[in-house]
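The values are calculated or read from the model by the stated rules, or taken from the named source; none is laboratory data. Since the structure is predicted, the reported quantities are computational estimates derived from the model, not experimental observations. All Cβ positions, even for glycine, are placed from backbone atoms using ideal geometry, and neighbour counts span all protein chains on display. Ligands, DNA and RNA are excluded from the accessible area calculation, which covers all protein heavy atoms including side chains. Shrake-Rupley method; radii C 1.70, N 1.55, O 1.52, S 1.80 Å.
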Amino acid sequence: MGKPAVRGAARAPGRRVLGSQAARPRRQCPAPLRRRAAALLPALHRHTRGRPFGPRAWRAWLRLRLGVAAAELPSEEEALRLLRGLARTGRPSGRSKVAAAAVAEHAGIATAAWRSSGTRYIDPESTADVSNIRGFACGRISDSSRRVSWHEYGTLYRVSRAAAASKGKEAFKVTSTSCFKRVGCSVIRKNLPVMVGGSKTEFKGSVVFEPCRHGLKLEPEWTLIYLHSFSCKGSDYLHFPNYFGIGDAAVRVVVPTAPLLEQSCFKDWNVWRGERIGWRPIQFRAWFDYLTDRAGSAENDLELGSLLEMRARLHALIQQEAARHGGDSRRVILGGASQGCCVALDAAMTYPGELGGVVGLVGHLLGCTPLDMSKRAMPIHLFHEATDKEMRWSWVKGTVQRLIDAGFDVTSRREKEGTGSGHWIQALRLASPTLKMRTLTKTR
């Protein structure tokens, strides 16, 4: 990947107090430390190159890796107990390696780290839908839902005991195993009802992907609301749950469908609607009404009333999804492509609470969207295609700079997508949320 064209000031990661040498010897290492230790196993494997190490060496490496004082680290005795705990599950063989790691993780005890290398197509020259992914399986749940699964390939990192160089000293090593695990979800096509101002309305023909593991439904820890581009619909993603396959995070993905709206900028594009209605401007699936069509040379004007109406509907949907997470709106992430990106940024900035983040592709911040300075810590990931003619970088970069100058946590990438499709990016349009969701769900 190329260097980011524009980037805001990086937010310093919060430091955790990992332990103290003055702590009581038999104190149990806290769960956050166990999870963090497991997450660092790939880096530890690169550092040790698979060679044995002891608790003292591991503690010294942690100090350098985390950049913390010695007093903030676990004592040598605590480090030994933690390494013993990481190695306690033994060495299962074959596919059970992944299963054992998943069971341990489900129990809240992280003992291994998984690094995904992605999926593999059965026929690389065929379609990119989930049925062409190796390991694909599908089962019917009801008339409107089914359960699908597929293989995700990667590397599993675990701690095991090793022969010590000195007698009486315990030693450990990090092993790496190339393997795959099954990932999947329930695919549901449904209308999404929301309450706006005491009235019930719906996002019709929408798609919901519910997280599953080992064929069992998981309680979602996050919700991604992803908004499609202009003239598309949520059901376009019906056969592409693999693009939202965010690995270990239990994420519910909601892909609503925008309503049909006449577009004022296309007043000469008429269609015959019958004797009673006559000729009317053609309707498109859209999140708001464009007043102008500047062919990508500048931001288009929009009909503010249509945006405000959609803003209220999306706020209601966000609130509804936040209720699934105990009312915590930081467990809800917004995403979108093109016009969907624009309205996702607008909804995130105007929602009363802070969201977990925004993932935007080939879109921009609307000129009429106010910036809420209380949300400057909210991560925003943006992607811009280098050959995009619909939203040209010459003016889109100013909308990104507006966020950066205001102090928002923005990561903006601009590069050419492999197919050369410009604004109409294909696989990347869908796959990018996968990459960004891994980041957001592991850092928030």
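Could you state how much accessible area K233 has, in square angstrom rounded to the nearest 10, with a 1.4 Å probe and all protein chains kept in place?
Surface accessible to solvent at K233 totals approximately 80 Å².
Between R84 and E275, take the C-beta separation as r, use R0 = 60 Å, and let me know the FRET efficiency to the nearest 0.05.
Computed FRET efficiency for R84 and E275: 0.15.
Local charge sum around Q263 (other residues, Cβ-Cβ under 14 Å, Lys/Arg +1, Asp/Glu -1)? Walk me through the intermediate numbers first.
Numbers: positive: K267, R280, R285, R294; negative: E262, D268, D289, D293, D301, E303.
For residues surrounding Q263, the net value is -2.
With every protein chain left in place and a probe of 1.4 Å, what is the accessible surface of T177, to the nearest 10 Å²?
Accessible area of T177: about 40 Å².
Rounded to the nearest 0.05, what FRET efficiency is calculated for Q401 and D301 with R0 set to 22 Å and r the Cβ-Cβ distance?
0.55
Of the accessible area of region 274-332, with the probe set at 1.4 angstrom, what percent is carbon plus sulfur?
It is 46 percent, rounded to a whole number.
At a Förster radius of 45 Å, what calculated FRET efficiency corresponds to the Cβ-Cβ distance of S144 and A69, to the nearest 0.05?
With a Förster radius of 45 Å, E is 0.20.
Among the aspartates and glutamates, which fall within straight-line cross-link reach of K204, defined as a Cα-Cα distance under 19 Å, with same-chain neighbours fewer than 8 residues apart omitted?
Cross-link targets: D143, D236, E262, D289, E309, E321.
By how many nm would the segment from D372 to D236 lengthen if fully extended, with 0.36 nm per residue of separation less the alpha-carbon distance?
45.7 nm
Distance check, please: which entries in K375/K397; K217/K416; K181/K375 exceed 26 angstrom between their Cα atoms?
K217/K416; K181/K375
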